[in-house]
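The values are calculated or read from the model by the stated rules, or taken from the named source; none is laboratory data. Please read all numbers here as calculations on a predicted model, not as lab measurements. Note that each Cβ is placed from the backbone with ideal geometry, even for glycine, and that neighbours are counted across all protein chains shown. Only protein heavy atoms, including side chains, enter the accessible area calculation; ligands, DNA and RNA are left aside. Shrake-Rupley method; radii C 1.70, N 1.55, O 1.52, S 1.80 Å.
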Amino acid sequence: MARVPGAFYVVLVCLFISETVLSTKPRNVLILLADDGGFELGAYNNKICQTPNIDALARRGLIFNNAFTSVSSCSPSRAALLTGTPSHQNGMYGLHHSIHHFNSFNNVTSLPNLLRQNGVYTGIIGKKHVGPSSVYRFDYEQTEENNHINQVGRNITHMKLLAREFLANAQKQNKPFFLYVGFHDPHRCGHDEPQYGVFCERFGSGEPEMGIIPDWSPWYYQWDEVQLPYHVQDTEAARRDIAAQYTTMSRLDQGVGLILKELESAGHKDDTLVIYTSDNGIPFPSGRTNFYDPGLREPLIMVSPEPDARRNEASGAMVSLLDIMPTVLAWFGVKVEEAECNDVGLSDDTKSLLPILKKEPPHSEEDAVFASQTHHEITMYYPMRAIRTRRYKLIHNLNYAMPFPIDQDLYVSPTFQDILNRTRSKQPLPWYKTLKQYYYRPEWELYDVRTDPAELNNLHGKPSLAAAEGALRRRLVRWQRASRDPWLCAPSAVLERDGPEPVCRGLHNGLVHYHLV
């Protein structure tokens, strides 16, 4: 039995409003959020997938090469972005909708609620996928809760008109605005509407019985010419899957162009902070639901209208999507105070990214981001915690004795079915792992991501890295403690409160309680 060191009961980011100073100069924010989008962008050196609008956006601003989500799952990642807190802290443990039914805690403070309280007109168009509604309430809502998701998430003509309506409303109210556009591309169709193709790439294409999206000119790709990610097997089935994904990335790109045109037509190109990113990794093996880099690493483009902002540049700063909330608050002048609430260094706290838009911060090998995941679907209980620095990544798989779970969308995909069929029939599988290696993972994974970017050589327990691994563990524990992680003592002990501080009570299950080391 061991006491958890430090003040566990205080949250990581102890923010409270101290003063609101909305600038006299017009200031607005537009967030463009892809759904399962990755680096299939010309701006990120993909030479095949055509994304001229997002590429043009990147040339106007700053592109981040080291941006990471804090959780590789849809609803949890969106809740984290909108609250600035990890999923274990805000309560969005898994998918919000249907039988999964996860919700954030009722007392969580979200970005739309906070901005509305401070005189900002807030709106969401497209995928919302978080709850409860009282915690994530926008003034203007056109989402899957009152529309078909394809109409507000993939029908870019309809989305354009909704954006026009929102901007007109903001003008009438004479308020600064925060508009969050949640595209549903390039999410898979999965079981829901397979007639539209594996990525809904035929929806609105003008093909027979597929309907038409007037503003969309579909791009089609040859399967043998796609730029295959290293973590996807090199087979025709997988390449055709990627080709379909590219088509929906092009629809997303054209949608981004339409929204930006509406912004300019409304006279807000020069007073709006524009942010483009994605919720989590792409829906392929080692991507979404994983803590390997294809699941955590995200595109992030930010364009500031400030005259001294960086343009057509790239940043190597280590940033988290948890930093979006403090960035937006700082942009609107909603000032917050940070209580002295933990012993974690400042580099481990969320931060505004606005200074980076003007000047690159000093490089440090100690820069880090953190990740926390518990569920995706309700049946996919596989809690993980991770810390990633510029050189190392340490992953703690708490449920490591069980096979890694597969979500339904990935299971029915051509890529995963190809892996299954080839494994069953013992056919050649030109993949960087075996299915067994993918399913069964050790409790601890330590990678030197600088020399081993594919994360294939687990260095956990290597004597020469004992000091480095120990430092990463201690830093991860501090972050878990400061963010009130209920899984802090798992899987070797049970967390109980005993007096002023919590206690880890050993389970004697054969596992070493690493908090004692």
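Restricting to the stretch 90-114, count the residues that are at pLDDT below 95 and either among the polar types (S, T, N, Q) or assigned to a strand (DSSP E or B) (or both).
Within the stretch 90-114, residues that are at pLDDT below 95 and either among the polar types (S, T, N, Q) or assigned to a strand (DSSP E or B) (or both) number 1.
Name the residue that is farthest from residue 328 (Cα to Cα), counting only residues in the stretch 110-148 that are touching a Lys or Arg at 6+ places or on another chain (Cβ under 9 Å) and among the β-branched types (Val, Ile, Thr).
143
Could you say whether any residue in the stretch 190-204 is at pLDDT below 95, under 25 Å from residue 298 (Cβ atoms) and surrounded by fewer than 22 Cβ atoms within 10 Å (Cβ to Cβ)?
For the stretch 190-204, residues at pLDDT below 95, under 25 Å from residue 298 (Cβ atoms) and surrounded by fewer than 22 Cβ atoms within 10 Å (Cβ to Cβ): present.
Taking the condition of being among the aliphatic types (A, V, I, L, M) and open to solvent by less than 10 Å² (accessible area, probe 1.4 Å), how many residues in the stretch 35-57 meet it?
3
Out of all the residues in the stretch 101-136, which are touching a Pro at 6+ places or on another chain (Cβ under 6 Å) and open to solvent by 10 Å² or more (accessible area, probe 1.4 Å)?
Hit for the stretch 101-136 is 103, nothing else.
Do you know which of the residues in the stretch 398-423 that are in a helix (DSSP H, G or I) and aromatic (Phe, Trp, Tyr) is most open to solvent (accessible area, probe 1.4 Å)?
Here the residue is 411.
Considering each residue of the stretch 304-332, count those that are part of a strand (DSSP E or B) and either at pLDDT below 95 or more than 21 Å from residue 112 (Cβ to Cβ) (or both), and give that number.
Number satisfying all stated conditions: 4.
Being out of contact with any strand residue (DSSP E or B) (no Cβ under 9 Å at 6 or more places or on another chain) and over 30 Å from residue 363 (Cβ atoms) narrows it down to one residue among 383, 428, 442; which is it?
428
The conditions are (1) open to solvent by 30 Å² or more (accessible area, probe 1.4 Å); (2) among the hydroxyl-bearing types (Ser, Thr, Tyr); (3) more than 16 Å from the chain's Cα centre (by Cα); (4) closer than 25 Å to residue 387 by Cα, and residue 98 fails exactly one of them. Which is it?
All conditions pass for residue 98, except number (4).
Here is a list of conditions, (1) over 22 Å from the mean Cα position of the chain (by Cα); (2) assigned to a helix (DSSP H, G or I); (3) over 30 Å from residue 129 (Cβ atoms), and residue 426 meets all of them except one; can you say which number that is?
(2)
May I ask you to list the residues in the stretch 300-323 that are within 15 Å of residue 65 (Cα to Cα), open to solvent by 10 Å² or more (accessible area, probe 1.4 Å) and small (Gly, Ala, Ser)?
Of everything in the stretch 300-323, those that are within 15 Å of residue 65 (Cα to Cα), open to solvent by 10 Å² or more (accessible area, probe 1.4 Å) and small (Gly, Ala, Ser) turn out to be 314, 316, 320.
What pairs come up if the first residue lies in the stretch 256-268 and is among the charged types (D, E, K, R), the second is open to solvent by less than 30 Å² (accessible area, probe 1.4 Å), and their beta carbons are under 8 Å apart, counting only those six or more places apart or on different chains?
262/163; 262/167
Can you confirm whether the stretch 255-269 contains a residue that is surrounded by 24 or more Cβ atoms within 10 Å (Cβ to Cβ) and either hydroxyl-bearing (Ser, Thr, Tyr) or assigned to a loop (DSSP other than H, G, I, E, B) (or both)?
no
What are the pairs with Cβ atoms under 6 angstrom where one residue, in the stretch 168-187, is farther than 16 Å from residue 324 by Cβ and the other, located anywhere, is open to solvent by 20 Å² or more (accessible area, probe 1.4 Å)? Sequence gap at least six, or different chains.
So the pair list comes out as 176/27; 184/149.
Can you work out which of the residues in the stretch 224-254 that are touching a helix residue (DSSP H, G or I) at 6+ places or on another chain (Cβ under 7 Å) and open to solvent by 20 Å² or more (accessible area, probe 1.4 Å) is farthest from residue 423 (Cα to Cα)?
254
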